[in-house]
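Only one structure is covered here, and it is reproduced in the block below.
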Amino acid sequence: MTTLVSPPVVPAASTAQRDAEFAREALPWLDDVYRFALSLTRDDADADDVVQETYLRAYRSWHTFIPGTDCRRWLFTICRNVFLRSRERQRPTVDLEDGEQDALAAGSVYAAARENGYDDIYARLDIGPALREAIDELAEPFRSAVTLVDVEDLSYEAAAEIMDVPIGTVRSRLFRGRRLLQEKLASLAAEYGLTPAAAGSAK
Amino acid sequence: MSAPKQDQLESLGLSASCADVVRHLWDYLDDQLTPDGAARLKAHMASCAKCRGYSDYQSCFLEAVAKLRAQFDAPDSLRSKLAEGLKSEGCSCWDEVTKAKANTNG
């Protein structure tokens, strides 16, 4: 966190303006950055540290933020870099050819669910807690792909920039993540004997 | 990767004409298909109840995941710590960190 160059001397008025801009543009995304940090670290205390460092770094380098661009995307990129540096991790090397096998496997999960009468679990039940747990258990880089695109509603393009991979890689990671989640939730449904009768469906 | 094998499709109870839906539904729901491709899938689903059922199922799944976004926020302890950090950096708007929270709650 040492800076190589001393910060330029800026007049007080423009400092206040910069601070106000920072507060207006960057601070509203704190919850989003926290969720992303939590999905990366899977640990409350580590997530706190990553968010703290992300925002302090964002504040120090606020002059590099281009007004009018997507500030959340900029913060997520910093967040991921902070995380990678904190773990001294290499870039994930898991890469998949394409998402077709995962899409097909998800179709199989659905077919089995329909046969057993729990193909409407996503519509019928509050699966939020189970889903959140299943996402936490996903391995990287699938967890980041699902978190960025499906939870945080970022575009493939934004997720690609944040994860520093091509868009096609976002797609394949996302599809693998979705497939693994659906397999996990289907096996939970089977484990708990969740059928229309057991769940009180009038179908 | 080649097209799904015929026996794989049959085990899903699908005809070959449903293959595109199984392979590309996520692309369709994510708005990643070309207009032509999207129109083709849409037209097929309009006439295929099985594929509509699958599309509903995947849409519900994605909605359930998207709902998680509203379910947990940064803890207050983190907000206080960040406010202190920004204050020590000389940021004059440090107290906005906790105010922003108050606003979203109110």
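Tell me the Kirkwood radius of the range A:12-87: reciprocal of the mean inverse pair distance over distinct alpha-carbon atoms, in Å.
Numbers: mean 1/r = 0.0796 Å⁻¹.
The answer is 12.6 Å.
With θ taken as phi - 60° and the Karplus curve 6.51 cos²θ - 1.76 cosθ + 1.60 applied, the whole-hertz 3J(HN,Hα) list for the range A:40-45 is 6, 8, 6, 8, 4, 5 Hz, x standing for glycine and proline.
Within the range A:82-189, which GluC sites (Glu not before Pro) sit in a loop by DSSP and count at most 11 neighbouring Cβ atoms inside 10 Å?
Values: sites: A:88, A:97, A:100, A:115, A:133, A:137, A:152, A:157, A:161, A:183; in loops: A:88, A:97, A:152.
Within the range A:82-189, the qualifying GluC sites (Glu not before Pro) (loop, at most 11 other Cβ atoms within 10 Å) are A:88, A:97.
For residue B:84 and residue A:86, the FRET efficiency from 1/(1 + (r/R0)^6), where r spans their Cβ atoms and R0 equals 25 Å, is about 0.80. In this calculation the C-beta distance from residue A:125 to residue A:42 is compared with R0 = 41 Å, giving a FRET efficiency of 0.95. Fewest-first ordering of A:41, A:69 by other beta carbons within 10 Å of each residue's beta carbon gives A:69, A:41.
3J(HN,Hα) along the range B:24-38: 10, 4, 4, 4, 5, 5, 7, 6, 10, 8, 5, x, 4, x, 4 Hz, from the Karplus curve 6.51 cos²θ - 1.76 cosθ + 1.60 with θ = phi - 60°, whole Hz, x for Gly and Pro. The HN-Hα couplings worked out from phi for the range B:45-54 by the Karplus form 6.51 cos²θ - 1.76 cosθ + 1.60 (θ = phi - 60°) are 5, 4, 10, 10, 4, 4, 5, 5, x, 5 Hz, whole numbers, x standing for Gly and Pro. Computed on the range A:100-191, with alpha-carbon pairs under 8 angstrom and 6+ residues apart, the relative contact order is 40 percent.
Every number in this text was worked out from the coordinates using simple rules, so none of it is lab data. Every value quoted in this text rests on a predicted model; they were computed, and no experiment measured them. Positions of Cβ are generated from backbone atoms using ideal geometry, with glycine treated the same way; all protein chains shown enter the neighbour counts.
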